[in-house]
Amino acid sequence: MNRSVCRVMGGVAGLALLGMTATLAGAQTDDVKEKPRLYRYESYWTFPRAHWGEVDKNNATVNQKILAPALADGTLIGYGDEENLVHSAEGFTHDNWLQANSWAGVLKVLETFHKGGGPSSPLLVSSTQHWDHVFVSRFYNWKAGSWKGAYGYTATYRLKPDAPDDAVRMLSQSWFVPLFEKLLADGPIVEYEIDLDTSHTESPDQFFVYFLMPSADGLDKVIAAIRAGVGKNPMIGPAFASMVVNVNPHADWVRVNATYK
């Protein structure tokens, strides 16, 4: 995927996706309720290119031995691994994630990995960079099942200092959830979530919008749905710009293997 295509996609998807959410006056939010907290532990890695094949094997064998049973017994509700499609000099090449409805579920699985010696494996030791995040979401949904070679998109935004304290909730209830629920029902996406970072390693004003598409053509359908919404209300762009610092988001495009219960 070349740089110009990525820039266009990121600008269109980012500006439209969150821009249209900012017109909150009169929005009907009564039908969209906050859900129980969903915790997403995500571990980012930068591996030398010569080791990328080993990463794929490790995800398909070693990680599965721990993650699949945890999903089966209800400790986890989802897990997956990702390969970054648009690399930067300081960015990650791969990541692994797991999701649970409690901190206890997250920690139980992490402890299993530590007891198995995973952190000291030659593959992980070969990484040149590593960091973790724990995200929490109150607005999310997915379809049960497994997807291999799917595509994920994450947009990172930062709220302005004078944005409402509950801006993320307002944005989620007024636009994100209605939009994504329709896309989920129609098939272009199979999971979405609006996340906050609980590990406080990033700005507390940041929030993250993630959705997973089972195939690349899902992106065209998502963008079409976004554009249709923008066309119905020309005020959404200026309203959004008044709430966020970065109209054009930092965007991550990844190839994903994911399983949800």
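Structural remarks
- For Tyr151, residues with placed amide H under 5 Å, excluding near neighbours: Met213, Ser215, Val256
- Distance between the range 206-259 and the range 62-110 - C-alpha centres, whole angstrom: 23
- Residue order, fewest to most beta carbons within 10 Å, for Trp253, Trp175, Trp131: Trp131, Trp253, Trp175
- Relative contact order, percent, the range 3-260 [alpha-carbon distance under 8 Å, six or more residues apart]: 34
- The C-alpha atoms of the chain define a longest principal axis, and helix 3-19 lies at about 60 degrees to it.
- Remark: the range 72-83, residue by residue, has Karplus-estimated 3J(HN,Hα) of 5, 8, x, 5, 10, 10, x, 7, x, 9, 9, 10 Hz, where x stands for each Gly or Pro and the curve is 6.51 cos²θ - 1.76 cosθ + 1.60 at θ = phi - 60°.
None of the figures in this text is laboratory data; all of them are computed from the coordinates on show. Only a predicted model underlies this, so the values are computations on that prediction, with no experimental measurement involved. No Cβ is skipped: glycine too gets one built from the backbone with ideal geometry, and neighbour counts run over all protein chains shown.
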